[in-house]
């Protein structure tokens, strides 16, 4: 069999799958993508511009840090970034104030982190080094960042993996794509199709079989597809739901040592930016933090769209698992009402459009994104081995700093394609 006649099936048309498919097709490989949804993008979920006044992101929204693969792709696509600007505020239960980033024990934290040699869970790290009452605020702020920003469980999350994030205060540069992540997915999907990639939507893969160095992929409807190699890019929880060959199944078990967190995201479009009426100095507010049921909010600043996005990440999202989208929207309105000391009905009267997603309820995601435990690097090494006809790829397998991001997914897809082409 010539390399050009090799048929590669990629499971999942998210960022990793599309990126891998494009690279393989460019090298002359025959590629088919099987996607369970009726759209490309996976956990990138564009919402209608007609509903929200701009191409809103129901899933991934921000570009984190340097993101070299993402930025190179954006240049190819003719897309640009808008850096996040503005001020951060917090609500302490009594009133609003500009959120301070400095903790009096920050230098001590950095010193202990610099000297840390052996990895341990964040909660264990805090109990060992910062157990005193004087560190209560530090423990609280770290716990909130681990759960909210990383969607991780402090009892399992790796301290070493989060060390760089803490050393710069947890505030790496962030930006948004003008036109949203959906524009990037549209570009990648068009590139794939132009390169001859067949993208089959509505095909949920249930089993992969391997025999004699070849493979067959089975979909829920009973359809099968023969191929030479399979690249699995599905979110980690879905690996448990696909019957795999013995070799691949043994490697997939290592995924239990990689954390996978959940996020609830709520978008509320209003007729006007009513929060500016509350205080004149909220005009350039970006993030708003609180201890309400929906604890994090952000605006579109410097864009002037009158929209607030609510965010709740980490294990405690299970507390709201009983709520449907409308219930989540009402929880969001109640949280805003408590912060701004208004009645929820007053805020609701300004509402023009809304959407809410609990990503744990999404059958093709079962959560939002991955995070590292002390055993994750070892697990990634096992999962990314090129053994047999089945390969694994995706944001959870990225070994760089920004694991769990779109950049991680794109970089992993690129790396997996390179591994296949080098063989």
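The values are calculated or read from the model by the stated rules, or taken from the named source; none is laboratory data. Here the structure is a predicted model, which is why all the values come from computation and not from measurement. Using ideal geometry, Cβ is built from the backbone for each residue, glycine included, and neighbour counts are taken over all protein chains shown.
Odds and ends about this structure:
- Residues that are crowded, with 19+ Cβ neighbours inside 10 Å and at pLDDT below 95 within the range 301-310 are absent altogether.
Rundown of residues vs (1) buried (at least 20 other Cβ atoms within 10 Å of the Cβ); (2) within 17 Å of residue 232 (Cβ to Cβ); (3) in contact (Cβ under 8 Å) with a residue 24 or more places away in the chain; (4) in contact with a helix residue (DSSP H, G or I) (Cβ under 9 Å, 6 or more places away or on another chain), yes/no style:
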| position | (1), (2), (3), (4) |
| --- | --- |
| 18 | yes, yes, yes, yes |
| 30 | no, no, yes, yes |
| 33 | yes, yes, yes, yes |
| 43 | yes, yes, yes, yes |
| 59 | yes, no, yes, yes |
| 77 | no, no, yes, yes |
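- Options 355, 386, 372: the member that is in contact (Cβ under 8 Å) with a residue 60 or more places away in the chain, in contact with a helix residue (DSSP H, G or I) (Cβ under 9 Å, 6 or more places away or on another chain) and under 30 Å from residue 23 (Cβ atoms): 372
- Of residues in the range 278-294 being under 19 Å from residue 265 (Cβ atoms) and out of contact with any strand residue (DSSP E or B) (no Cβ under 6 Å at 6 or more places or on another chain), the one surrounded by the most Cβ atoms within 10 Å (Cβ to Cβ): 292
Table: residues versus (1) under 15 Å from the mean Cα position of the chain (by Cα); (2) free of Cβ contacts under 8 Å to residues at least 12 places away in the same chain.
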site	(1), (2)
322	no, yes
329	no, no
332	no, no
349	no, yes
368	yes, no
392	no, no
402	yes, no
411	yes, no
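- Residue under evaluation residue 328, criteria (1) exposed (fewer than 15 other Cβ atoms within 10 Å of the Cβ); (2) within 16 Å of residue 266 (Cα to Cα), criterion not met: (1)
- Candidates 293, 252, filtered to the one that is under 30 Å from residue 214 (Cα atoms) and either touching a helix residue (DSSP H, G or I) at 6+ places or on another chain (Cβ under 9 Å) or not in a loop (DSSP other than H, G, I, E, B) (or both): 252
- Strands (runs of 3 or more DSSP E) wholly inside the range 200-242 containing at least 3 residues that are under 27 Å from the mean Cα position of the chain (by Cα), surrounded by 18 or more Cβ atoms within 10 Å (Cβ to Cβ) and in contact (Cβ under 8 Å) with a residue 12 or more places away in the chain: 229-232
- When the test is whether a residue is more than 24 Å from residue 201 (Cα to Cα), in contact with a strand residue (DSSP E or B) (Cβ under 9 Å, 6 or more places away or on another chain) and crowded, with 20+ Cβ neighbours inside 10 Å, residue 372 passes it.
- Here is the figure for the range 324-363: residues that are closer than 22 Å to residue 149 by Cα and assigned to a loop (DSSP other than H, G, I, E, B) total 1.
- Residue check, residue 192 on the phi < 0 side of the Ramachandran plot, buried (at least 18 other Cβ atoms within 10 Å of the Cβ), part of a helix (DSSP H, G or I) and not assigned by TED's automatic domain parsing to the domain that holds residue 152: yes
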